[in-house]
Amino acid sequence: MSSAAVSGPRILFRQLRRVMAGQGDAELRLQTIVGLIASNMIAEVCSCYLRRAGDVLELFATEGLNKEAVHRTRLRVGEGLVGDIAAHARPLALSDAQSHPQFAYRPETGEDKYHSLLGTPILRGGRVIGVLVVQNRTMRHYTEEEIEALQTVAMVVAELISSEEMISSKELLDTAGNATLPHRLSGRVLAEGLATGQAVLHEPRIEVRKTIADNIAEELDRLKGAISRLQSSVDEMLNNSDAMVSEESRDIFEAYKMFAHDKSWLKKMEAAIETGLTAEAAIKRVQDDTRARMKQITDPYIRERLSDLEDLANRLYLHLDGSGGIDRHHLPDDTIIIAQNMSAAELLDYDRVHLKAVVLVEGTRSSHVAIVARALGVPVVGQCHEVSDSVEQGDFVLVDGENGQVFLRPGDDVVQAFNRSVRHREERQAKYAALRTKDAISKDKQLVGLHMNAGLLIDLDHFEEAGADGIGLFRTELQFMVRSKMPKVDEQAELYAKVLDKAGSRPVIFRTLDVGGDKALPYLKMKEEENPALGWRAIRIGLDRPALLKSQLRAMVRAASGRTLTLMFPMIAEVSEFIEAKALLMKEIEREKSRGGGPKNVKVGTMIEVPSIVWQMPHLLREVDFVSVGSNDLMQFFYAVDRGNSMVTDRYDMLSSSFLTMLQYIAAECAKAKIPVSVCGDVAGKPLEAMTLLGLGYRSLSMSMEAIGPVKEMIRSSDISKVQEFTAKLCRSKDASAREQLRAFARDHSIII
């Protein structure tokens, strides 16, 4: 079978071409095709299961199984071996299928006499529309060549399944929503905001009209020509200064360029053509493999890179057929981009005047595209799984980036309600803008410092309009994450100096590298960890790899020459860790001073994120100049809850007596030692939680730019002394959450939350 699998595809393709070009019922042609596949691959059985509405896989054609099973045998996605292949969108090769725990016997098929099984998903646009299976009586070990051969054949089958006569005869495709009816979809908010506009598909929906090549040499030439044009366009994009909104943009595009010239990616497409595919089909084959891999990979950096390959494949399609595709620099008015996923480079490539929002099938709040979108003020709803199957080019779309909802082809009543929400948001924004120059001072004349969290130079473009008192947290890891190799000291120093320049006289607190966990660096070898959030990350990496930490500290010291340098170390669990990290900093300061440079003043602090350090507060406060509470990780570790796990993230509330008591203790110890303390986690930017923090004794908060206005409005409507009295009682409560009590208090005292 192995030799047939290697040499057979071209012979099989010639036979399949004749069947595809023939006339007659599409289902009969499918039956002919499974017979040809079984013969060519020397298999006793070849079966084709197609996906029907309701996530059901139905046997549509078979050579070798009982004919009576056709249209009778059905398996749900995830059920049996066929369902498992569909659920995971990847091939499966077994020498003894019946011993596999997923095996589900269907007596009407008569498959009990067949032992080995090789199956592959039938993909269209990255979506599983069926499963193709071959079986043998003997316990065969299928080779990689055999698996690849069946995957390639599955592309041809996909072409027939997607033909109009097949769709119309059996109504195969489960579209997850009628394309003409209104549809409401749910997702997750990746970047806040509201927007309306027309749908523009980010990925070109290019159907491969011809799968089998007539002339392989010509197809290779076509591919090489398209690749050359693609590489030239990427080089031009990199040299286009208009696209370079920041230094981070250049880093992102440089990584993108590296993939456009990646030889292994190009060789995969050439190899696919050499099996007998057209250039278009070869691109699709490699693209489908990439999409299937993305579903199996959790590493955020690798997913970002696979997203780059996805976009490059789409661009290559367009260069192949001479189409310009979407003119990303001149979008229609009020454009909503719909995409499977998107890299930060792609977002930066779009016309930012007419781009109003982005809707992604995938995406996370920590992805590069989400971080850049928030900096640009572009609303993004991600994990909107049904959108690619439900939307059509030009559809009218409403994007609710406050509640994580997307409305396709909405009715008049929904449009009117949404427009009211837009007007209310605009009114709120205007009101917050009017507060920009006013102090965050309470009714009882207590002043609160409101600072901004940032991580990109783009963030600082909005510094003035935000009305922030300074940068309470500058996440330095983003510069490291968007690069394919570690930035040099001079490059880091240049970025930090620009941050200080843009901030002017206002303070900036740099946080040293907080990587590990869900933030991977491609050039830092890290072992897979069972609990990465609790593992080798943040200051632990810095102290174990001092060269990495020292290079960053050297860059900060150099950037702050003649100015104040304020920095903090993340995830300190023991006072000894802080002392060791600070010693490295002081050595770099002495080194720079010996060269005639160095900062004028230095303030060194730490994040409070690990509960163990809370019980060392008196000792810690003798060593630090300030502390900052990172409530996201602190709450995660306090409750032993993975904040990325949807099953438990909402189980505990930070507004519970236990957590409030700990926050109150931290604030009280800092006040006693006269050490400044702030909160820079997500809770600082939520008015109700921020009100509670004021009641616990905090007078400095750091948050996202868009949260400053609402929190300032809350402060100016509060009497903090009354909030303190009420909050003190809550710390003695036995309730799981004091949220409703705090809401009622705010309502009774006219505090705007």
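Here are the numbers for the structure shown:
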| read-out | value |
| --- | --- |
| Filter result for residue 470 (modelled with pLDDT of 85 or more and within 30 Å of the chain's Cα centre (by Cα)) | yes |
| Residue in region 448-460 that is more than 23 Å from residue 339 (Cβ to Cβ) and surrounded by fewer than 18 Cβ atoms within 10 Å (Cβ to Cβ) present | no |
| Qualifying residue in region 590-598 (condition: assigned to a helix (DSSP H, G or I) and either modelled with pLDDT of 95 or more or among the hydrophobic types (A, V, I, L, M, F, W, C) (or both)) | no |
| Every residue from region 549-585 that is of a type in the set (Asp, Glu) and not in a loop (DSSP other than H, G, I, E, B) | 577, 580 |
| Region 688-712: number of residues that are in a strand (DSSP E or B) and either surrounded by 24 or more Cβ atoms within 10 Å (Cβ to Cβ) or among the basic types (Lys, Arg) (or both) | 3 |
| Subset of region 540-549 (residues that are out of contact with any helix residue (DSSP H, G or I) (no Cβ under 6 Å at 6 or more places or on another chain) and either within 16 Å of residue 486 (Cβ to Cβ) or in contact (Cβ under 8 Å) with a residue 40 or more places away in the chain (or both)) | 541, 544, 545, 546, 547, 548 |
| Region 722-750, subset under 36 Å from the mean Cα position of the chain (by Cα) and not in a helix (DSSP H, G or I), residue nearest to residue 440 (Cα to Cα) | 738 |
| Residue selected from region 303-335 under the condition in a loop (DSSP other than H, G, I, E, B) and under 25 Å from the mean Cα position of the chain (by Cα), by the criterion modelled with the highest pLDDT | 334 |
| Residue tally, condition part of a helix (DSSP H, G or I), over 24 Å from residue 746 (Cα atoms) and touching a Leu at 6+ places or on another chain (Cβ under 7 Å), over region 653-687 | 3 |
| Failed criterion for residue 127 (all others in (1) of a type in the set (D, E, K, R); (2) more than 22 Å from residue 74 (Cβ to Cβ); (3) at pLDDT below 90 hold) | (2) |
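Residues are listed down the side, and each one gets a yes or a no for (1) in contact with a strand residue (DSSP E or B) (Cβ under 6 Å, 6 or more places away or on another chain); (2) at pLDDT below 80; (3) assigned to a helix (DSSP H, G or I):
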{"site": "167", "(1), (2), (3)": "no, yes, yes"}
{"site": "175", "(1), (2), (3)": "no, yes, no"}
{"site": "178", "(1), (2), (3)": "no, yes, no"}
{"site": "190", "(1), (2), (3)": "yes, no, no"}
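The values are calculated or read from the model by the stated rules, or taken from the named source; none is laboratory data. For clarity, every value in this text was computed on a predicted model and none was experimentally measured. Note: ideal-geometry Cβ built from the backbone for every residue, glycine included; neighbour counts use all protein chains shown.
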